[in-house]
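The values are calculated or read from the model by the stated rules, or taken from the named source; none is laboratory data. All values reported here derive from a predicted model rather than from experimental measurement. Quick reminder, even Gly has a Cβ in these numbers, built from the backbone with ideal geometry, and neighbours come from all protein chains shown. For accessibility, only protein heavy atoms count, side chains too; no ligands or nucleic acids. Shrake-Rupley method; radii C 1.70, N 1.55, O 1.52, S 1.80 Å.
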Amino acid sequence: MLQSTFFSWRGCLLSILLCGLLALPGLALAGGHGKEKPSKRAILLVTFGTSIPRAQKIFTRIDAAYRKAFPGVEIRWAYTSKIIRNKLAKQGKVWLSPEEALAGLMAQDYTQVAVQSLHVIPGAEFHDLVAVVQGFRSMS
């Protein structure tokens, strides 16, 4: 049942990315020297997160679908739940928050970042994510 549900939602998720993504355009000029930076693109998939291995399998499938749909684009993940990130850290698995992931992409000179929320319900964590993205948009 989980497999058929994923495939029925896959097209929807990719459509949402293409139509409703929150793009973070980077600076067009490198270091103020008047030279344009080469385009470096990434997609940040953001979800509440999970510590259940069986549930993580669906994230693996979503990851594969995005990599297939967007070849040559860096795909990264972030978990909004601090509780889940801390629980996984105790198991030796490191997951970044959206802020950490965006800061890392910025530090690595990515010029375009699409942030795709995978939250099922646009609750408080979704709205926090929107605020984070808007904050990063205002940074050079």
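Out of Lys93, Lys68, Lys87, I need the residue that is over 16 Å from Lys40 (Cα atoms), open to solvent by 50 Å² or more (accessible area, probe 1.4 Å) and either acidic (Asp, Glu) or not in a helix (DSSP H, G or I) (or both). Which one?
Details: Lys68 fails: either acidic (Asp, Glu) or not in a helix (DSSP H, G or I) (or both); Lys87 fails: either acidic (Asp, Glu) or not in a helix (DSSP H, G or I) (or both).
Answer to the check: Lys93.
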Seminar exercise, completed: Note on the stretch 87-140: residues among the basic types (Lys, Arg) and either within 26 Å of Pro53 (Cβ to Cβ) or modelled with pLDDT of 95 or more (or both) are Lys87, Lys90, Lys93
For this session: Determine the pairs where a residue that is closer than 21 Å to Leu105 by Cα, located within the stretch 60-88, has a partner that is at pLDDT 95 or above and open to solvent by 40 Å² or more (accessible area, probe 1.4 Å) with Cβ atoms under 6 Å apart, the partner being 6 or more residues away or on another chain.
Result: Val73/Arg41; Ile75/Arg67; Ala78/Leu96; Tyr79/Arg85; Tyr79/Trp95; Thr80/Phe48; Ser81/Phe48; Arg85/Trp95
Exercise. For Ala55, are the conditions met, namely being more than 22 Å from Thr111 (Cα to Cα), open to solvent by 40 Å² or more (accessible area, probe 1.4 Å), of a type in the set (Gly, Ala, Ser) and part of a helix (DSSP H, G or I)?
Worked result: no
Problem set entry | Of the criteria (1) crowded, with 20+ Cβ neighbours inside 10 Å; (2) farther than 18 Å from Ile52 by Cα, which one Tyr79 fails | (2)
For this session: Residue by residue through the stretch 71-84, note down the ones that are in a strand (DSSP E or B) and farther than 25 Å from His127 by Cβ.
Result: Glu74
For this session: Identify all residues within the stretch 107-135 that are of a type in the set (A, V, I, L, M, F, W, C), open to solvent by 30 Å² or more (accessible area, probe 1.4 Å) and touching a helix residue (DSSP H, G or I) at 6+ places or on another chain (Cβ under 7 Å); write none if there are none.
Result: none
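With respect to Glu100, determine if the residue is open to solvent by 80 Å² or more (accessible area, probe 1.4 Å), under 23 Å from Lys40 (Cβ atoms) and under 14 Å from the mean Cα position of the chain (by Cα).
For Glu100, the condition - open to solvent by 80 Å² or more (accessible area, probe 1.4 Å), under 23 Å from Lys40 (Cβ atoms) and under 14 Å from the mean Cα position of the chain (by Cα) - is met.
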